[in-house]
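Asks: Below you will find the structure I want to go over with you.
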Amino acid sequence: MTSKEMASKTPFYQAHVDAGARMVDFGGWDLPINYGSQIDEHHIVRQAAGMFDVSHMTVVEIKGNGARSFLSNLLANDIAKLQEPGKALYSCMLNPEGGIIDDLITYYLTETHFRMVVNAATHDKDMAWLEQQAAGFEVTVTERKDLAMLAVQGPEARQKTASILTAADAEGALALNIFQAAQIGDLFIARTGYTGEDGFEIMLPTDVAIDLWDKLLAAGVKPCGLGARDTLRLEAGMNLYGQDMNEATSPYVSGLAWTVALKDEREFIGRNALLAEKEAGPGKKLVGLVLEGRGVLRPHQNLVDETGEVIGETTSGSFSPTLEKAIAMARINRNVTGHSLVDIRGRKLPVRIVKMPFARKGSVCDGILG
């Protein structure tokens with residue numbers, strides 16, 4: 001049996017095939033890479049509304065009287081920030097050495113019930129780690145395999161989603177603040193995303209998933225694949241686990257210092273390692289790159305100075321449809337600023353070091369194009 005035949009299928013699989021998607025194996029899941037033109041799909045999300053099947057993501061329920069204490073110990077960001085039902089928190093889950101096991105979003109539902117969404121590619125190790133760490137707390141960890149998930153993204157995403165809901169449900173969805181969620185009928189609607197555009201990520205029972213897809217399609221929301229999702233998140237300066245961060249990198253060298261809460265005495269896994277790294281001063285930093293001329297930026301290309309000494313490496317890279325230039329994320333020596341050279345198959349091409357994001361809310365960010 002081939003890996004293709006073994007790949008899992010989401011509830012939207014047949015809808016993707018019917019829409020003409022080119023399917024690929026992504027971490028053991030059959031998912032669409034595009035439906036024709038990846039660049040067109042990218043622009044649709046920047047200018048109107050597109051939807052992504054993200055049902056491969058893992059939804060986990062954290063329940064019990066010890067839920068808050070468990071998450072306080074587990075996450076580098078402080079779960080105490082979550083006091084209002086539906087409020088969401090982005091955080092890294094660290095190993096004792098301060099390396100990133102995964103990045104995730106946690107939603108506060110009640111004092112004894114939190115919902116977590118973790119990456120698909122890290123499913124097995126995440127679930128094993130959660131179960132291991134839960135052992136000392138009055139808490140249960142349950143994977144929700146009965147839920148599907150759609151991300152509807154773009155400047156028109158919220159209004160188009162609201163148009164398929166009842167008046168009361170639409171009002172509730174449109175009232176959500178950024179990083180807030182609510183259960184609205186069958187839909188758990190969160191105002192979150194991975195594109196740099198406004199919109200919703202919607203979790204719902206698998207048996208009503210296709211109905212939502214069909215209604216969104218009729219409302220003018222265009223299906224988009226993994227290819228556009230990757231270029232959108234790169235333009236938005238959002239890390240991809242396994243490329244821009246992993247268990248060998250800390251939040252401090254991954255552009256995620258803002259997700260670390262060290263201000264009080266709260267103990268959490270990886271705290272001591274982060275304190276030591278902060279005191280010593282991280283040797284690397286994550287930056288954005290814009291290629292000055294023509295060429296293609298990809299992961300694992302060396303950055304060098306004028307003498308040819310290696311000063312860093314690209315972690316993610318692609319052509320940016322919004323900038324119409326090649327862009328990348330790179331981990332480089334802390335003291336490097338301004339310009340550098342990237343080694344592309346022996347050619348040293350100039351790149352400009354910029355502060356991310358590259359693009360957001362439909363347009364290029366200030367200072368990116370010089």
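Computed from the coordinates by the stated procedures, all read-outs in this text should not be read as laboratory data. The model shown is predicted, which means the values in this text are computed figures rather than measured ones. Neighbour counts run over all protein chains shown; Cβ positions are idealised from the backbone, glycine included.
Asks: Quote the charge dipole size of region 253-349 about the Cα centre in Debye, to the nearest 20; the model charges only the Cβ of Lys and Arg (+1) and of Asp and Glu (-1).
Replies: 260 debye
Asks: Taking just the alpha carbons, could you work out the radius of gyration and Dmax for region 46-130, both in angstroms?
Replies: Gyration radius and largest Cα-Cα distance of region 46-130: 13.8, 45 Å.
Asks: Continuing with the same structure: In what sequence, highest mean first, do 269-280, 26-37 appear when ranked by Cβ atoms within 10 angstrom?
Replies: Taking the mean over residues of other Cβ atoms within 10 Å, the ranking is 26-37, 269-280.
Asks: Please enumerate, by chain and number, the lysines with C-alpha under 29 Å from the C-alpha of Lys215, excluding those fewer than 8 residues away in the same chain.
Replies: Lys9, Lys87, Lys145, Lys160, Lys361
Asks: How fast does the chain diffuse by Stokes-Einstein, in µm²/s, taking the Kirkwood radius from C-alpha pairs at 10 °C and 1.306 mPa s?
Replies: Approximately 74 µm²/s, per Stokes-Einstein.
Asks: Reachable lysines from Lys284, Cα under 18 Å, same-chain residues fewer than 8 places away excluded?
Replies: Straight-distance partners of Lys284: Lys355.
Asks: Nearest 20 debye, what's the magnitude of the dipole of the chain about its Cα centre given +1 on Lys and Arg Cβ and -1 on Asp and Glu Cβ? Please report the intermediate quantities before stating the final value.
Replies: Values: 37 positive and 47 negative charges, 200 e Å.
With only Lys, Arg, Asp and Glu charged at Cβ, the dipole is about 960 debye.
Asks: So what is Rg over Rh here for region 75-123, counting just Cα atoms and using Kirkwood for Rh?
Replies: Taking Rh as the inverse mean 1/r over Cα pairs, Rg/Rh reads 1.00.
Asks: Can you tell me which of 343-349, 61-67, 47-53 comes out highest on packing, and rank the rest after it, using the mean Cβ neighbours within 10 Å? Let's see the in-between values first.
Replies: On the way: 343-349: 12.4, 61-67: 18.7, 47-53: 24.3.
Those peptides, ordered most packed to least, come out 47-53, 61-67, 343-349.
Asks: Given the -39500 (n - 2.57) contribution per DSSP H run of 4+ residues, what per-residue ellipticity at 222 nm results for the chain, rounded to the nearest 500 deg cm²/dmol? Don't jump to the answer; show the numbers that get you there.
Replies: Numbers: 10 runs with 84 residues, N = 370.
Result for the chain: -6000 deg cm²/dmol, rounded to the nearest 500.
Asks: What is the distance in Å between the Cα centres of region 74-100 and region 319-340?
Replies: 28 Å
Asks: Taking H placed 1.01 Å from N in the peptide plane, check which residues at least 5 places from Val351 or on another chain put their amide H under 5 Å from its amide H.
Replies: Amide H neighbours of Val351, under 5 Å, 5+ apart: Glu292, Ser340, Leu341, Val342.
Asks: Apply the Debye scattering formula to region 235-370, with a single equal point scatterer on each alpha-carbon and no solvent, then give log10 I(q)/I(0) at q = 0.21 Å⁻¹.
Replies: Results for region 235-370 at q = 0.21 Å⁻¹ read -1.24.
Asks: When the convex hull of the C-alpha atoms of region 134-288 is computed, what volume per residue in Å³ does it have?
Replies: Here the figure is 168 Å³ per residue.
Asks: Whose amide H sits under 5 Å from the amide H of Ser8, counting only residues 5 or more places off or on another chain, with H placed in the peptide plane?
Replies: Result for Ser8 returns Trp29, Asp30.
Asks: Mind putting a number on the dipole of region 114-209 about its Cα centre? Charges go on the C-beta only, +1 for Lys and Arg and -1 for Asp and Glu, and I need it in Debye to the nearest 20.
Replies: The calculation lands at about 120 debye.
Asks: A further question on this structure: Could you sort 259-265, 350-356, 101-107 so that the peptide with the highest average Cβ count within 10 Å comes first and the rest follow in order?
Replies: Most protected by this proxy first, the peptides run 101-107, 350-356, 259-265.
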